[in-house]
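The values are calculated or read from the model by the stated rules, or taken from the named source; none is laboratory data. Every value quoted in this text rests on a predicted model; they were computed, and no experiment measured them. Here the Cβ positions follow ideal geometry from the backbone for every residue, glycine too, while neighbour counts run over all protein chains shown.
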Amino acid sequence: MATKLVEVQKLKKWFPIKGGIFSTVVASVKAVDEVDFFIYQGETLGLVGESGSGKTTAGRTLLKLLQPTGGKIQYKGADITDYSPTQMRPLRRNMQIMFQDPYGSLNPRMPVGDIIQEPLDVHVIGTRKERHDAVTTMMETVGLRPEYEKRYPHEFSGGQRQRIGLARALILNPELLVLDEPISALDVSIQSQIINLLQELQQRLNLTYLFIAHDLAVVRHMSDRVAVMYLGKVVETAENDELFDHPLHPYTQALLSAVPVPDPDVKRERIILQGDIPSPVNPPSGCHFRTRCPYAMPICKEQEPAVVEAAPGHTVSCHLLTKK
Amino acid sequence: MAEKALEAKKKGQQKTSDEYSYIGMVTHRLKRHKLAMAGVIMLVLMLVFVFVGPLVWRLDPNEQIEGLEGMFLTPSREHPMGTDDYGRDVLARMFYGGRISLSIGFISAVSSTLIGAFVGLVAGYYGGWIDNLLMRFTDAMLSIPTFPLLIALASVMGKGVTQIIMVIVVFGWMSDARLVRGMVLSLKEQEYVEAARAIGASAGRIMWRHLFPNTLAVLIVSTTIGIGSAIIYEASISFLGFGVQAPVASWGNMLQNAQQFIWTAPRLIVYPGMAIFLTVLGFNFFGDGLRDAIDPKLKL
């Protein structure tokens, strides 16, 4: 657990908004704005936040599926921020992604065997027969019947399709797997199957996960450490239990208070946030959360809060903690 | 009981071996498509007529019966479709004209679709200045009046079947390019394209394996319609005197030639007209069926 597999520093991804006659850049959607986090080898980092907080963009920029606007991405100590697509190609074997949408992430015109085999074809691994055998093994590993390899994606259920997507991501034997809300499109009963499969495979194949989700119960179940995102920023990072037992950032506290507890006698104070998440085109000055924060102070408007290490491995950026 | 039912169901779901290859699957599904089979039968009959016919009916399409009594003969044993205004056997001319019309239609429609698809794929996938360049070129090509340029081209390149095919292709790929570009713009945002990039697939692979197959349905329909219009286009070019040159026959120039005799010998219009009609209809039926057959989502 000691070595960091990936680390991002001040990672930025801004999407330009073009307008006017000459389609000049009039503004930018600051989807990810100076984000820092790292993932240890073999662990699961949960990345949570509400819709529009930039967690998916962070995951895709990390894999360089989107070119970062600024900052630094380090993979195994090497700076891959400015790698060209050709330089990235060999690295793609080590870093893979599983998508949220079980319908859009599989080519409807390709049999699933071909879909799972494609990574091997792209990287020219093994003979034709070896590739086919690998597909058979991988289909069994993720719990699909190998004789279905000639079928098309629409012949499968949502849960089965996620297994196909997982098989495609795992066939190259990657080290890092970004799970981009892999279960949020599934039924609750299927969710647990996929979660168990993911945990079992992590053990067996020694995988490192970046688990992007908004379901806090699942994140708590899956993750070793958790990072909370709000409007393009990571506001709090801590080990799993530490974060869930001692949330320090007002946003994390509000999020956690919304998790249902399966005990009718427990009376809790729910913190209900007012209003919507502000537009990432024009984020509030200072602390991004101040417009909805119950403890907002004058300084929150003027200064961006610095990152404070409140406990070992527990970092927060909030003026409530810097002031003391 | 329940087990038996389950087993029976399994058997029903089991696919036969020929369904395991892509071509096998498409043929299998095509066979179950009634309209497509009607189209196939029409096209096969047409091909047999055009390619086997001359082996059975050994008459020279350019041989004339001398004298006035050889003109406009009504159908008889010797000339099943009669003779035309030069006293030539119409059946023989239908055979040889059909060969030329069918090859012009097929070759030019398929190649213009392929070129259009390529331009559309590249423009849509790369976007930016490549897209701009290719699409403005497409617009420019669309705005060129065909016929004046055709006359110029004909005087430079000469007249003949190859030249006609080239002309039809050069002026025929633009609509397919626009069609494909539009589809690619939406397809490339799909997650499976992102997944392909995530595994490190090259741009060429993404275009060929992921984007092209998903535009195929529309392209097939467009090609089959293109075959029909190419045959008709050839007819109008021939009419202007820049197409298939007399005495070589094509259905198009036979049709145009027969116009003058519409009152004296209306059957001269009916034969090539019917042939063009049936061919175009056959291609359209077949194209519809093929579009359905390659779509794995449709149950056939």
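Could you go through the range B:196-206 and let me know if any residue there is more than 14 Å from chain A (Cβ to nearest Cβ), in a helix (DSSP H, G or I) and without any contact (Cβ under 8 Å) to a residue 12 or more places away in the chain.
The first filter runs over the range B:196-206 and keeps only residues more than 14 Å from chain A (Cβ to nearest Cβ), leaving none.
No, the range B:196-206 contains no residue that is more than 14 Å from chain A (Cβ to nearest Cβ), in a helix (DSSP H, G or I) and without any contact (Cβ under 8 Å) to a residue 12 or more places away in the chain.
Any idea how many residues of the range A:231-250 are assigned to a helix (DSSP H, G or I) and closer than 13 Å to A:His314 by Cβ? Count: 6. Restricting the range A:150-166 to residues that are within 17 Å of A:Gln191 (Cβ to Cβ) and in a loop (DSSP other than H, G, I, E, B) leaves a set whose member that is nearest to the other protein chains (Cβ to nearest Cβ) is A:Phe156. Look at A:Leu144 and say whether it is hydrophobic (A, V, I, L, M, F, W, C), closer than 21 Å to B:Glu194 by Cβ, away from chain B (no Cβ under 11 Å) and surrounded by 16 or more Cβ atoms within 10 Å (Cβ to Cβ). No: the conditions fail for A:Leu144.
Here A:Lys18 qualifies as within 14 Å of another protein chain (Cβ to nearest Cβ), over 20 Å from A:His214 (Cβ atoms) and assigned to a strand (DSSP E or B). Kindly indicate whether B:Ile100 is at pLDDT below 75 and not charged (D, E, K, R). When the stated conditions are applied, B:Ile100 does not pass them. Number of residues in the range A:221-266 that are out of contact with any Ser or Thr (no Cβ under 9 Å at 6 or more places or on another chain) and under 22 Å from A:Lys12 (Cβ atoms): the value is 1. The residues listed here are B:Ala265, B:Ala275, B:Ala198, B:Ala230; of these, the one that is surrounded by fewer than 23 Cβ atoms within 10 Å (Cβ to Cβ) and modelled with pLDDT of 85 or more is B:Ala275. You will find that of A:Lys10, A:Lys76, A:Lys64, the residue that is surrounded by fewer than 17 Cβ atoms within 10 Å (Cβ to Cβ), among the charged types (D, E, K, R) and closer than 30 Å to A:Ile277 by Cα is A:Lys10 and no other.
Scan the range A:251-306 for residues that are assigned to a helix (DSSP H, G or I), surrounded by 13 or more Cβ atoms within 10 Å (Cβ to Cβ) and not aromatic (Phe, Trp, Tyr) and report the count. Steps first, answer last, please.
To start, the set of residues in the range A:251-306 that are assigned to a helix (DSSP H, G or I) comprises A:251-257, A:298-302.
Within this subset, residues satisfying the condition of being surrounded by 13 or more Cβ atoms within 10 Å (Cβ to Cβ) are A:251-257, A:299-301.
Next, only the ones that are not aromatic (Phe, Trp, Tyr) stay: A:252-257, A:299-301.
Matching residues across the range A:251-306 total 9.
Given the condition surrounded by 13 or more Cβ atoms within 10 Å (Cβ to Cβ), modelled with pLDDT of 70 or more and assigned to a loop (DSSP other than H, G, I, E, B), answer yes or no: does some residue in the range B:32-41 qualify? Yes, that holds for at least one residue.
Take the range A:122-136 and flag every residue that is within 27 Å of the chain's Cα centre (by Cα) and either more than 9 Å from every other protein chain (Cβ to nearest Cβ) or assigned to a helix (DSSP H, G or I) (or both).
A:Val122, A:Val135
If we scan the range B:229-237, do we find a residue that is part of a helix (DSSP H, G or I), more than 18 Å from B:Ile100 (Cα to Cα) and not β-branched (Val, Ile, Thr)? Taking every residue of the range B:229-237 in turn, none turns out to be part of a helix (DSSP H, G or I), more than 18 Å from B:Ile100 (Cα to Cα) and not β-branched (Val, Ile, Thr). Filtered by the rule that a residue be farther than 16 Å from A:Val178 by Cβ and touching a residue at least 40 places away in the same chain (Cβ under 8 Å), the range A:195-219 gives A:Leu197, A:Asn206, A:Leu216, A:Ala217.
Have a look at A:Ala31, A:Ala58 and point out the one that is modelled with pLDDT of 90 or more, closer than 30 Å to A:Leu216 by Cβ, crowded, with 22+ Cβ neighbours inside 10 Å and not aromatic (Phe, Trp, Tyr). Break it down into steps so the answer makes sense when it comes.
Details: A:Ala31 fails: modelled with pLDDT of 90 or more.
None of the others qualify; the one that does is A:Ala58.
If you go through the range A:167-193 and keep only what is in a helix (DSSP H, G or I), surrounded by fewer than 21 Cβ atoms within 10 Å (Cβ to Cβ) and without any contact (Cβ under 8 Å) to a residue 60 or more places away in the chain, you end up with A:Val188, A:Ser189, A:Ile190, A:Gln191, A:Ser192, A:Gln193. Can we say B:Thr215 is within 13 Å of chain A (Cβ to nearest Cβ), touching a residue at least 40 places away in the same chain (Cβ under 8 Å), at negative phi and crowded, with 20+ Cβ neighbours inside 10 Å? Against the criterion (within 13 Å of chain A (Cβ to nearest Cβ), touching a residue at least 40 places away in the same chain (Cβ under 8 Å), at negative phi and crowded, with 20+ Cβ neighbours inside 10 Å), B:Thr215 qualifies. Of all residues in the range A:49-71, those being touching a strand residue (DSSP E or B) at 6+ places or on another chain (Cβ under 7 Å) and outside any loop (DSSP other than H, G, I, E, B) number 9. Counting only residues that are in contact with a Phe, Trp or Tyr (Cβ under 7 Å, 6 or more places away or on another chain) and either more than 9 Å from chain A (Cβ to nearest Cβ) or surrounded by fewer than 20 Cβ atoms within 10 Å (Cβ to Cβ) (or both), the range B:183-195 holds 2 of them. Looking only at the range B:142-173, residues that are part of a loop (DSSP other than H, G, I, E, B), at pLDDT 80 or above and out of contact with any helix residue (DSSP H, G or I) (no Cβ under 7 Å at 6 or more places or on another chain) come to 3 in all.
Got a number for residues in the range A:263-280 being at pLDDT 85 or above and in contact with a Lys or Arg (Cβ under 7 Å, 6 or more places away or on another chain)? Step through it out loud before you land on a result.
First pass over the range A:263-280, keeping only residues at pLDDT 85 or above: A:278-280.
Adding the requirement that they be in contact with a Lys or Arg (Cβ under 7 Å, 6 or more places away or on another chain) leaves A:280.
Count: 1.
Please indicate, with yes or no, whether at least one residue in the range B:245-255 is assigned to a helix (DSSP H, G or I) and either without any contact (Cβ under 8 Å) to a residue 24 or more places away in the chain or surrounded by fewer than 17 Cβ atoms within 10 Å (Cβ to Cβ) (or both). Let's see the steps before the verdict.
Let us first name the residues in the range B:245-255 that are assigned to a helix (DSSP H, G or I), namely B:251-255.
Now drop any that are not either without any contact (Cβ under 8 Å) to a residue 24 or more places away in the chain or surrounded by fewer than 17 Cβ atoms within 10 Å (Cβ to Cβ) (or both), which leaves B:255.
Within the range B:245-255, one or more residues are assigned to a helix (DSSP H, G or I) and either without any contact (Cβ under 8 Å) to a residue 24 or more places away in the chain or surrounded by fewer than 17 Cβ atoms within 10 Å (Cβ to Cβ) (or both).
Within the range B:44-64, residues that are surrounded by 12 or more Cβ atoms within 10 Å (Cβ to Cβ) and in a strand (DSSP E or B) have Cβ atoms under 7 Å from residues that are modelled with pLDDT of 75 or more and basic (Lys, Arg) in these pairs: B:Gln64/B:Arg88, counting only partners at least 6 apart in sequence or on another chain.
Scanning the range B:79-92 for residues being part of a helix (DSSP H, G or I) and either at pLDDT 85 or above or small (Gly, Ala, Ser) (or both) gives a total of 1. On the basis of being more than 14 Å from A:Glu181 (Cβ to Cβ) and at pLDDT below 85, does A:Gly52 make the cut? The answer is no for A:Gly52.
Counting only residues that are crowded, with 24+ Cβ neighbours inside 10 Å and facing chain B (nearest Cβ under 7 Å), the range A:90-109 holds 6 of them.
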